Amino acid sequence: MRDLPCRKNPTDFYAPTQEARTAAKTACLGCSVRPDCLRAAIDNDERFGIWGGLTPDERWQLTHNDGTWLDRRGTIRQPCGSEESLKRHKRLKEQCVICEQADYRRRLDIEHAVPGGGSASGAHLHRLLRQEPCEPCRAAHAAASRAGRPARTRIAA
């Protein structure tokens with residue numbers, strides 16, 4: 001137990017500077033008792049210091065049912081379904097069906113806001129959401145298909 005990072009340099013874990021807090025959080029990443037340390041801090045409502053690699057604010061955020069969660073690297077993540085969460089998934093090259101579906105719904109709302117209430121791309125988004133396209137989107141898709149047919153036949157001829 002003497003080789004724990006918090007035992008080697010305990011002042012960093014309660015230091016007021018951002019640099020020291022960052023050093024403490026980094027030291028926690030490789031610690032073998034990190035999950036237990038974090039659980040103890042949460043269970044005992046520790047309001048000071050770095051525990052389990054998290055600051056008091058991060059621990060508060062994690063425990064107040066706002067949908068945030070802690071990933072395997074110890075990073076607090078936003079709830080799935082938010083734009084921020086989708087961006088994070090993409091940065092980390094992760095796939096998340098919840099975030100992708102929420103993005104399709106947001107984009108479909110934008111398509112429905114155009115004059116006429118639908119578009120050909122809206123019809124595509126409906127299908128990605130496994131929905132039957134609404135009438136304005138279906139009509140816009142049909143019009144776009146009709147407009148594209150002569151061009152395709154000319155190329156083929």
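Odds and ends about this structure:
- By the Cβ rule of 4.7 Å, the chain holds the following cysteines without a possible disulfide partner: C6, C28, C31, C37, C80, C134, C137.
- Note on the chain: helix-only mean residue ellipticity at 222 nm, from DSSP H runs of 4+ residues weighted -39500 (n - 2.57) and normalised by residue number, equals -17500 deg cm²/dmol.
- Aspartates and glutamates with Cα under 20 Å of K8, excluding same-chain neighbours fewer than 8 positions away: E19, D36
- Taking only alpha carbon atoms, the range 69-146 gives an Rg to Rh ratio of 1.14, where Rh is the Kirkwood radius.
- Alpha-carbon spread of the chain, three principal axes, descending order, Å: 79, 34, 26
- For L70, nonlocal amide neighbours, meaning residues 5 or more places apart or on other chains whose placed amide H falls under 5 Å from its own, are R77.
- When trypsin sites (Lys or Arg not before Pro) are flagged only if DSSP places them in a loop and at most 15 other Cβ atoms lie within 10 Å, the longest unflagged stretch of the chain comes out as 3-46.
- Listed by chain and number, the aspartates and glutamates whose alpha-carbon sits under 19 Å from that of K90, ignoring those within fewer than 8 places in the same chain, are D71, E100, D103.
- Sequence-distant contacts, meaning Cα pairs under 8 Å at least 6 residues apart, place the relative contact order of the chain at 10 percent.
- Simple rule: put +1 on each Lys or Arg Cβ and -1 on each Asp or Glu Cβ in the chain, find the dipole, and look at T11, H64, L129; the Cα lying farthest toward the positive end is L129.
- Across the range 92-102, coupling constants 3J(HN,Hα) worked out from phi with the 6.51/-1.76/1.60 Karplus curve, θ = phi - 60°, read 8, 6, 9, 10, 9, 4, 4, 5, 5, 5, 5 Hz, and Gly and Pro carry x.
Readers should treat all values here as calculations from the given coordinates under stated rules, not as data from a laboratory. Computed from a predicted structure; not experimentally measured. Glycine also receives a Cβ, built like all others from the backbone with ideal geometry; neighbour counts cover every protein chain displayed.
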